[in-house]
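The values are calculated or read from the model by the stated rules, or taken from the named source; none is laboratory data. Not measured: the values here are computed from a predicted model. Cβ atoms come from the backbone with ideal geometry, glycine included; neighbour counts cover every protein chain shown. Ligands, DNA and RNA are excluded from the accessible area calculation, which covers all protein heavy atoms including side chains. Shrake-Rupley method; radii C 1.70, N 1.55, O 1.52, S 1.80 Å.
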Amino acid sequence: MLAVEAAMRFYAGKFGEDAESWGLVGLLHDFDWEIHPNLEQHPSAGAPILRERGVSQDMIQDILSHAEETGVPRDTLRRKALYACDEITGLITAVCLVRPSRSILDLEVSSVKKKWKDKGFAAGTDREVMAQAAADFGVELWEHVGNVVLAMRPIASELGLVGNMQNVKTP
C-alpha cells in the first residue's frame, strides 16, 4: 500500500492533481485485504469501515473501482491511476527481491522488462491486465514502470527495498 501511495503521489504531481487525496486513495486501497482476503469481498465489504471513519464517498468509490467485482467504473484519472499502479508495484517489488542487490535503488526498467518476458517469474500476475491498465491510464507501459520505480525509490527503506545498498543515498 505504501508503494501504491508513492506512485499515486508521483502521478498527482505529474498531472497537477492533489497529492494528499491521491496518496490517501493509494494508501487505503487494500486496507481490508487481511480482513477480506478474497475478491468476492475485497474491497466491497470494507467500504462501510471507510464510511464509518469519515472517508469521502469519492475516495471510497475510487477504492472500489480497483476491483472488477464491484462494477464501479474506472472513469476518472485518479481511478485509472490507482488501477495502473496497484499490480505493477507488486511486480516491481518482486523483481527487486530477486536481484543481487535486493534493492530498488539500482533497479532499471530493463530489469523489469527482462522479468516481464519470463512467464515463470511472478506467474500469478496478469501482465496483459497491467499493460492494459497503463494504456487506459494513458501512459506507455515502460514509461509507467520507470515512473513507478522513481516514485518508490524515496521510500525504499519503508518498503524494505534498500537491500545491500545501505550507503546509497535515495534521490
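Under 16 Å from a point 7 Å along the Cα-to-Cβ line of Ser21: which residues of region 59-78 have their amide N that close? Taking a point 7 Å out along Cα→Cβ of Ser21, the residues of region 59-78 whose backbone N falls under 16 Å are 59-65, 75-78. Averaged per residue, the chain has 50 square angstrom of accessible surface, using a 1.4 angstrom probe with ligands and nucleic acids left out. Taking label positions 7 Å along the Cα-Cβ direction at both Val98 and Ile49, the computed distance is 3.1 nm, reported to one decimal. In terms of packing, defined here as the mean over residues of other Cβ atoms within 10 angstrom, the peptides 17-28, 35-46 line up highest first as 17-28, 35-46. What's the tally of Lys pairs in the chain whose alpha-carbon atoms lie under 24 angstrom apart, where the two lysines are 8 or more places apart or on different chains? Total qualifying Lys-Lys pairs in the chain comes to 4. Stokes-Einstein, applied to the Kirkwood radius of the chain over Cα pairs at a viscosity of 1.002 mPa s and 20 °C, places its translational diffusion at 131 µm² s⁻¹.
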